[in-house]
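Structure first, commentary second.
The values are calculated or read from the model by the stated rules, or taken from the named source; none is laboratory data. Predicted, not measured: the structure shown is a model, and the values here were computed from it. As a convention, Cβ positions derive from the backbone with ideal geometry for all residues, glycine included, and neighbour counts pool all protein chains shown. Note: accessible area is taken over every heavy atom of the protein model, side chains too, but ligands, DNA and RNA are not part of it. Shrake-Rupley method; radii C 1.70, N 1.55, O 1.52, S 1.80 Å.
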Amino acid sequence: MGKTILITGASSGLGEEMARQFAALGHDLALCARRTDRLERLKKELETAHPGCRVECRALDVNDHDAVFEVFRAFADDFGGLDRVVVNAGLGKGAPLGTGRFDANRDTAVTNFVGALAQTEAAMEIFRRQERGHLVMISSVSAMRGMPKTVTTYAATKAGVAHLAEGVRAEVLGTQITVSVIYPGYIRSEMNERVKHVPFMVSTEKGVSAMVDAIEKEKASARVPAWPWVPVGFALRHLPLPLARRLMG
Ligand SMILES: NC(=O)c1ccc[n+]([C@@H]2O[C@H](COP(=O)([O-])OP(=O)(O)OC[C@H]3O[C@@H](n4cnc5c(N)ncnc54)[C@H](OP(=O)(O)O)[C@@H]3O)[C@@H](O)[C@H]2O)c1
């Protein structure tokens, strides 16, 4: 049965490709981001490729917290409810702490954590009313451990997102509300397009296919793609810090 899926940050990278792959599976889509020209282009592409597919788009800056609630409610009204919300919008800016770039680290912290909190609140408001729904949080393998240098703040936000999700899951266990946390490894997107040599980087299509598979199965937690991120994630989480540090780049 086709579901109605809201995706934030659907204008590029993983969000855009999730929209493509969910549409191909027969789901309807509520897409938002700041770059609405890109959303409109994607809507045309998806409605042409999948004539039965309904796609609605809205502008959203997840740092405008009132707007997050308004846009989520408006999408729920459009479709008569939402089956799944994918909290995906995020930023990858950052600098080592204490090097004069509080601005970059603050932007990442506010967008990735406070923005995700607003999205989770807005989604849960709808799911509580419906008494059902699937909350999907896009974390990162970097959440497995405190990370050095440019990734310190980013990794902390992604650990925060994963904890938010687990807290919600602990509360809704045994109900019709389910929660998934997806921990992607390196997947090609705008966020890393200038980074040249990254070990285990996969194409957007391949990486997102692993994400969509885990999401469709409503897995509680998934490191994707499974190879190498299941074992690397385990090692990052459990090795003593001096050894884990060698895996962190
Ligand atoms: N790619 C990877 O290897 C990787 C690995 C682990 C986790 N992730 C996570 O996956 C998610 C998607 O990232 P990506 O790799 O696809 O990067 P991306 O191509 O840069 O996409 C980021 C998306 O987030 C949206 N966004 C950013 N700031 C926003 C804001 N203030 N309000 C609303 N939307 C905002 C952007 O849309 P607009 O600019 O149009 O608003 C864009 O659609 C992020 O949460 C990221 O942390 C990615």
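Any idea which of Leu14, Leu29 is surrounded by 24 or more Cβ atoms within 10 Å (Cβ to Cβ) and within 12 Å of the ligand (Cβ to nearest atom)? Answer to the check: Leu14.
Which ones in segment 195-218 are out of contact with any Pro (no Cβ under 9 Å at 6 or more places or on another chain) and either crowded, with 16+ Cβ neighbours inside 10 Å or over 23 Å from Val136 (Cα atoms) (or both)? Hits for segment 195-218 are Val195, Lys196, His197, Val198, Thr204, Val212, Ala214, Ile215, Glu216. The conditions of being over 16 Å from the mean Cα position of the chain (by Cα), modelled with pLDDT of 95 or more, outside any strand (DSSP E or B) and within 10 Å of the ligand (Cβ to nearest atom) are met by Arg38.
Pairs linking a residue in segment 55-66 that is over 13 Å from Gln119 (Cβ atoms) to a residue that is in a loop (DSSP other than H, G, I, E, B), with Cβ atoms under 9 Å and 6 or more positions apart or on different chains, are Cys57/Ala10; Ala59/Arg34; Ala59/Arg35.
In segment 139-158, the residues that are over 18 Å from Asp103 (Cβ atoms) and open to solvent by less than 20 Å² (accessible area, probe 1.4 Å) form Cβ pairs under 8 Å with partners that are hydroxyl-bearing (Ser, Thr, Tyr) and assigned to a helix (DSSP H, G or I), at six or more places apart or across chains, as follows: Ser140/Tyr154; Ser142/Tyr154; Ala155/Ser142; Lys158/Ser142. On the stretch given as segment 79-97, residues that are open to solvent by 30 Å² or more (accessible area, probe 1.4 Å), closer than 21 Å to Ile215 by Cα and either within 8 Å of the ligand (Cβ to nearest atom) or in contact with a helix residue (DSSP H, G or I) (Cβ under 7 Å, 6 or more places away or on another chain) (or both) total 1.
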